[in-house]
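The next block holds one structure in the form of structure tokens; read it before the comments.
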Amino acid sequence: MMKNLDTILLAAMVTWASSAMADDGAILARGKHVFNQWCASCHGVGNHMAGTASLAAKYSGSIPAALEERTDLNPDFIRYFVRNGVLIMPAFRKTEVSDTDLAALAAYLSHPTK
Ligand code: HEC
């Protein structure tokens, strides 16, 4: 009886862990899609991107200028700038970037390996 219970619990944990990983992957993929649609034109890797150039000047090389290369970003920081804007960066409305899309975008940019 105990043995059966252990087996069931183990199976449940394996199922839970793999579905959590699949969800995570789907969220990160969605976040990357949102980034490409709304952010990459200014924050892509390159010299002629308004956001990347501005952040290169702001941090003068102490951290990467391209958002996708940074490892210091957290979801609250991303959410703040997306909803409020800064300098020439517009604030994005919920009709453009929904809360669900923003959560995925924030998860993607905060993820250590993008
Ligand atoms: C029209 C160009 C433009 C677009 C589009 C844009 N940004 Fe920006 N973003 C900027 C500029 C310019 C800055 C200001 C950099 C500075 O402070 O010098 C900035 C700053 C930021 C910052 C603050 C970074 C820091 O360390 O100070 C974050 C976070 C950010 N943008 C995220 C995003 C995300 C996510 C999107 C897409 C939803 C986006 N931006 C779209 C131009 C843009």
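Read-outs: derived from the displayed coordinates by stated rules, not from any lab. If you're wondering where the values come from, they're calculated on a predicted model, not measured in any experiment. Please note: Cβ atoms are built from the backbone with ideal geometry, for glycine as well, and neighbour counts cover all protein chains shown.
Order these by the 10 Å Cβ neighbour count, fewest first: E68, E96. Mind dumping the intermediate values first?
Working: E68 18, E96 14.
By the 10 Å Cβ count, ascending, the order reads E96, E68.
Count charges around V97 for me, please; just the other residues with Cβ under 15 Å from its Cβ, Lys/Arg as +1, Asp/Glu as -1. Display every interim value, and only then the final one.
Values: positive: R30, K32, R79, R83, R93, K94; negative: E96, D99, D101.
Local net charge: +3.
For the stretch 26-110, give the magnitude of the charge dipole about the Cα centre (Cβ charges: +1 Lys/Arg, -1 Asp/Glu; no others), in debye to the nearest 20.
On the way: 8 positive and 7 negative charges, 27 e Å.
With only Lys, Arg, Asp and Glu charged at Cβ, the dipole is about 140 debye.
Apply the Karplus parameterisation 6.51 cos²θ - 1.76 cosθ + 1.60, with θ equal to phi minus 60°, to every residue of the stretch 93-110 and state each ³J(HN,Hα) to the nearest whole Hz, in sequence, with x for glycine and proline.
7, 5, 6, 9, 10, 5, 4, 5, 5, 5, 4, 5, 4, 5, 5, 5, 5, 7
Quick one: if you stick a label point 7 Å off each Cα along the C-beta vector at D72 and K58, how many nm between them?
1.1
Among L105, A56, A66, whose Cα projects farthest towards the positive end of the dipole of the stretch 26-110, with charges put on the beta-carbon of Lys, Arg (+1) and Asp, Glu (-1)?
The listed residue farthest towards the positive side: L105.
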